[in-house]
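First comes the structure, then the notes that go with it.
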Amino acid sequence: KNQVEQSPQSLIILEGKNCTLQCNYTVSPFSNLRWYKQDTGRGPVSLTIMTFSENTKSNGRYTATLDADTKQSSLHITASQLSDSASYICVVSAQYSGGGADGLTFGKGTHLIIQP
Amino acid sequence: DAMVIQNPRYQVTQFGKPVTLSCSQTLNHNVMYWYQQKSSQAPKLLFHYYDKDFNNEADTPDNFQSRRPNTSFCFLDIRSPGLGDAAMYLCATSRDRARGNIQYFGAGTRLSVL
């Protein structure tokens, strides 16, 4: 069964600090992995998308890494800001069937709180 | 400018009273999706349209229906809402099948059932 597990479930850090969120998946055959940011009461917004051949991708202070061999990804946030408080969702896409009819398997997200 | 627009942002309905949620897009994407997201849960796909072709998830209750009258608009109809249907409903679009394309999400409609 295709699964996406994220850790930690929630995280509290001080403003200005760095943090790393983890995503482990068992989706096969793998197509790509996305990280989304979801502010409270809003829809998810895409941060990065990585295919099998990409090891790292950055979007401003967000850097995602992918190890397709170990089926792990991480999202590193540098110099956190109060506006980074949100849920971060890892979504893995299968090449063919697997996951929902959309081919996607969603993680439950990591709830990040940035404290001043 | 918002590319996927959901209305209303908040909807309150009574138990058993039909309700319709609206989604429109300015991206001219082929595919439109409806997800249900409950608190601290991952979004759950209800169904999607590939152009006019409707694709229902096997475990989506019959209580949930959808209409796509044209490329730009898609509606979610809940025929007889129950207390368990209270959730955030997310509309998303993608140019082609989601597995190979970025999905763009709307801001969501928060549904409360009294």
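Every read-out reported here was derived from the displayed coordinates using simple, explicitly stated rules and does not represent laboratory data. Since the structure is predicted, the reported quantities are computational estimates derived from the model, not experimental observations. As a convention, Cβ positions derive from the backbone with ideal geometry for all residues, glycine included, and neighbour counts pool all protein chains shown.
What to note about this one:
- A:Gln6 being within 14 Å of another protein chain (Cβ to nearest Cβ) and under 20 Å from B:Thr93 (Cα atoms): no
- Of everything listed in (1) buried (at least 18 other Cβ atoms within 10 Å of the Cβ); (2) more than 19 Å from B:Leu45 (Cα to Cα), the single unmet condition for A:Ser74 is (1).
- Being of a type in the set (Gly, Ala, Ser) and in contact (Cβ under 8 Å) with a residue 24 or more places away in the chain is not true of B:Gly100.
- The set of residues in the range A:39-53 being over 14 Å from A:Leu75 (Cα atoms) and either buried (at least 18 other Cβ atoms within 10 Å of the Cβ) or away from chain B (no Cβ under 13 Å) (or both) consists of A:Gly43, A:Pro44, A:Ser53.
- Top-ranked residue in the range A:16-56 [being among the charged types (D, E, K, R) and free of Cβ contacts under 8 Å to residues at least 24 places away in the same chain; ranked as nearest to A:Pro116 (Cα to Cα)]: A:Arg42
- Only one entry of B:Arg79, B:Arg110 meets the criterion of being within 11 Å of chain A (Cβ to nearest Cβ), touching a Phe, Trp or Tyr at 6+ places or on another chain (Cβ under 9 Å) and at negative phi, and that entry is B:Arg110.
- Within the range B:1-51, considering residues that are charged (D, E, K, R) and without any contact (Cβ under 8 Å) to a residue 40 or more places away in the chain, the one surrounded by the fewest Cβ atoms within 10 Å (Cβ to Cβ): B:Asp1
- Applying the set (1) crowded, with 20+ Cβ neighbours inside 10 Å; (2) over 26 Å from A:Thr110 (Cβ atoms) to B:Leu114 leaves exactly one unmet item: (1).
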